[in-house]
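Below you'll find the structure, written out as structure tokens, and then a few comments.
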Amino acid sequence: MRLLIVLLLSLGMATELGSSISVRTPNDIEKKLDYEFSIKIEDTNEKIRYLLKRDWERELGEKYIDDVFKFSHQAYDNFYYGVDYVDKESKNIFYTTYNIGVTSNGFKIGVSVKEEVKLFSLGYSKKLKQDDLEYNVGFSLKTDLDENNIVNLKSEIKKWLSEKVNVFALYKHEYYNKKEDFQFKVGIGVKL
């Protein structure tokens with residue numbers, strides 16, 4: 001059994017404040033219920049993008065705290081720089097990358113540095129909107145073509161029920177070398 005409650009609030013033009021609660025029966029019936037509580041603030045503006053997210057969860061009796069911070073600034077015409085910090089205790093995924101490169105029409109190409117290792121960086125993100133449907137898609141790859149590989153996939157669809165209320169489905173998948181983290185959430189969004 002799984003209970004999922006998601007709250008998504010939009011502040012200003014693009015900044016969104018979101019929260020979700022998830023409770024599920026553990027695979028081991030002798031353990032307490034598993035849970036996940038998360039809170040995030042995200043801005044997908046074209047020039048400045050950021051994501052701050054914290055998850056508190058218990059899985060099979062073990063408690064974890066996951067933190068994600070991503071920042072990217074498009075300076076000048078097509079030049080960007082930024083940083084990604086990911087610390088997911090629950091999946092044993094931890095890294096920080098410093099990123100620079102060029103961007104155009106949703107595509108990014110550049111270099112990232114992780115613990116003095118240089119990584120080729122490639123990404124794409126796009127927001128499409130038609131009538132009351134909005135679709136956001138994103139993909140990024142950072143690799144040294146050897147042992148360091150980071151792949152992120154994100155897809156979100158929103159159906160706007162009114163000017164301020166939407167129903168959404170979110171899919172995220174992250175691969176870090178041979179480890180992975182998968183999320184799927186369905187919820188209601190409210191724009192302030």
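For a straight C-alpha distance cut-off of 21 angstrom, the lysines reachable from K179 (same-chain residues fewer than eight places away being disregarded) are K53, K63, K70, K88, K91, K114, K118, K142, K154.
Given a cut-off of 17 Å, what percent of all Cα-Cα pairs of the range 80-184 lie beyond it? Summing the P(r) of the range 80-184 above 17 Å gives 59 percent of all pairs.
When you filter the GluC sites (Glu not before Pro) in the range 47-135 for DSSP loop state and at most 10 other Cβ atoms inside 10 Å of their Cβ, you are left with E115, E116.
A short reminder: the numbers here are calculations on the coordinates, not readings from a lab. Worth saying up front: this structure is predicted, and the values here are computed from it rather than measured. Note that we place each Cβ from the backbone using ideal geometry, even for glycine, and neighbour counts take in every protein chain shown.
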